[in-house]
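Please treat every number below as a calculation from the coordinates, not as lab data. Quick caveat: nothing in here was measured; it's all calculated off a predicted structure. Neighbour counts run over all protein chains shown; Cβ positions are idealised from the backbone, glycine included.
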Amino acid sequence: MKRPFVILVVLVVAATWATMAAVEGLPSTIWDGVIPILSSIGLATGLSFTYQKRLWHWRLVQQLLAKTPDLRGAWKVTIRPAWTDPSKTGEKKPVEGYAQIDQTASSFCMRLFTKDSRSETFAFSIDEMDGEFRLTVAYENSPRMRDRPRKGTSHQGAAIYRFRGYGPNVVSGEYWTELMNVGEIELRDRTRREISSFEDGKQVFS
């Protein structure tokens with residue numbers, strides 16, 4: 001969690017305990033002292049859960065506490081490999097795909113689907129500097145079963161995206177993989193609908 005929200009939770013817990021102590025009087029037994037603490041913990045837990053799932057993407061909360069852009073939804077993806085296919089006399093044809101991003105205040109998962117493979121993030125970071133966000137992800141790519149004899153098994157890669165604003169419509173970046181593939185990638189045309197495959201993406205964005 002971001003530091004401003006942690007500070008807010010601590011203040012809420014302290015204020016809850018102090019308020020209950022003021023209303024009920026200073027505790028005279030251990031149990032009397034435990035009740036305000038349990039109440040404070042319950043309130044903090046409920047606030048944290050609500051923040052994680054519901055509140056973090058509210059614009060005012062984003063700007064004051066979360067400091068995290070909202071990237072949730074399905075995206076249309078264009079991948080532009082820098083690698084040249086010798087059999088195509090230097091042609092670098094873009095690869096079309098679709099991405100599903102699921103996100104909370106502290107978690108992030110991007111699943112990217114193309115006709116031949118699926119990738120899923122297993123690590124991420126989001127940083128902000130001078131009004132620009134930088135999303136860094138590490139992911140594992142798995143070719144479809146029918147393509148594994150031709151394309152091989154799973155491999156790992158990383159990508160860095162840069163964009164401005166808490167609710168961008170276009171996110172672009174660069175990627176590279178352990179197979180020495182590199183290129184550019186762009187996410188655009190976001191929708192709040194959900195997808196779980198390349199075929200779902202084609203249907204949603206058709």
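Multiplying the residue separation of R162 and S206 by 0.36 nm and subtracting their alpha-carbon distance yields 13.2 nm. Positive contributions from Lys and Arg (+1) and negative ones from Asp and Glu (-1), summed over other residues with Cβ under 15 Å from the Cβ of A158, come out at -4. If you take all other residues with their beta carbon under 13 Å from the beta carbon of G46, and give Lys and Arg +1 and Asp and Glu -1, the sum is +2. Take the Cα of E199, step 7 Å toward its Cβ, do the same at I79, and the gap between the two points is 2.0 nm.
Given R0 = 45 Å, the distance between the Cβ atoms of R144 and R59 translates into a calculated FRET efficiency of 0.70. When each of E186, E178 is scored by the number of other beta-carbon atoms lying within 10 Å, the sequence from fewest to most is E178, E186. Strictly over 25 Å apart at the Cα level, which of K67/K93; K76/K115; K93/K202 would you flag in this model? Too far apart for the 25 Å limit: K67/K93. Using a cutoff of 8 angstrom between alpha carbon atoms and counting only pairs six or more residues apart, the relative contact order for the stretch 109-206 works out to 19 percent.
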